[in-house]
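For reference, the structure is listed below as structure tokens.
The values are calculated or read from the model by the stated rules, or taken from the named source; none is laboratory data. None of the values given here were measured: they were computed from a predicted structure. Backbone-built Cβ (ideal geometry, glycine too); neighbour counts: all protein chains shown.
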Amino acid sequence: MRRFYAAAESFDGQKILLSVEETKHLRDVLRLKENDPVRVFDGDGREFACEIERIEKKQTVLTILEEAAPTAPESGLNLTLAVALLKGEKFDWVVQKAVELGVTKFVPLNTKRAEARLTETGKRLTRWRKIALEAAKQSGRARLMPIEPPIDFEKFISGEKDTRILFAERDGGSFSAIEATEKITAIVGAEGGWETSEIEAARENGFQIITFGGRILRAETAAVAVAAVLQHRFGDLV
């Protein structure tokens, strides 16, 4: 079943108005027609079975048939994944996989060894949010994963108060040391790793330092692996 996104303001009683972008995809790419069945999610966790009533140049009118269970349920783990900025498509890929793995919130981090420095934050943020939307469509999630504006590492670690872990290549414990919980903030560093001062600052702010034992992972691999392991231990990857 083809899935589309419509924000809350696009709902009008039993009708939904799809945006210009969604209409172009529906009409020009998927070649859908009037009376075809589709699914629509609102980004806040609700999904609806609909029928195409009318396809116009700049919008599509849908009729809601019934509310339906989301194609993919949300994980019981509230997981915030904070990742040091990476160059180009590597960071795009991490954003996409975070959505697929059920991450609740995503935070780009400026760290001392981050591979990238954002000069056009607005454009990159818009791109990441578009990637997250497309990944939600593909993966069946009805809730959009929020992506925060990039934030400095020092500021971020001082504001988080739930179960907190920082993945490092050294001087840490195993994932089995993390106590069962429903809310976790996990930080993954850049390809060049962490400065010792950053690891110590994280410890002082209540972060557990976690490693994958002797394995050395690329930064983008580590981000996805951390999310997968945490979802397996405390979420819905069982």
**Prompt:** So which residues in the range 209-238 are in contact with a helix residue (DSSP H, G or I) (Cβ under 8 Å, 6 or more places away or on another chain), surrounded by 18 or more Cβ atoms within 10 Å (Cβ to Cβ) and not hydrophobic (A, V, I, L, M, F, W, C)?
**Reply:** 220
**Request:** Kindly check whether there is at least one residue in the range 71-78 that is outside any strand (DSSP E or B) and loosely packed, with under 13 Cβ neighbours inside 10 Å.
**Result:** yes
**Residue match in the range 73-81 (condition: closer than 25 Å to residue 162 by Cα, of a type in the set (Gly, Ala, Ser), out of contact with any Pro (no Cβ under 8 Å at 6 or more places or on another chain) and in contact (Cβ under 8 Å) with a residue 40 or more places away in the chain)** = yes
**Request:** With the condition kept exactly as written, say whether any residue in the range 119-139 is over 29 Å from residue 200 (Cα atoms), assigned by TED's automatic domain parsing to the domain that holds residue 151, among the hydroxyl-bearing types (Ser, Thr, Tyr) and in contact (Cβ under 8 Å) with a residue 24 or more places away in the chain.
**Result:** yes
**Prompt:** How about the range 1-42: which of its residues are surrounded by fewer than 16 Cβ atoms within 10 Å (Cβ to Cβ), of a type in the set (A, V, I, L, M) and assigned to a helix (DSSP H, G or I)?
**Reply:** 8, 20, 29
**Message:** Quick check on this structure: which one of 180, 190, 186 is over 15 Å from residue 81 (Cα atoms) and assigned by TED's automatic domain parsing to the domain that holds residue 228?
**Reply:** 180
**Prompt:** Counting just the residues of the range 197-238 that are in a helix (DSSP H, G or I) and of a type in the set (Lys, Arg), which one comes out nearest to residue 115 (Cα to Cα)?
**Reply:** 203
**Message:** Can you confirm whether residue 228 is at pLDDT 95 or above, closer than 21 Å to residue 106 by Cα and of a type in the set (A, V, I, L, M, F, W, C)?
**Reply:** yes
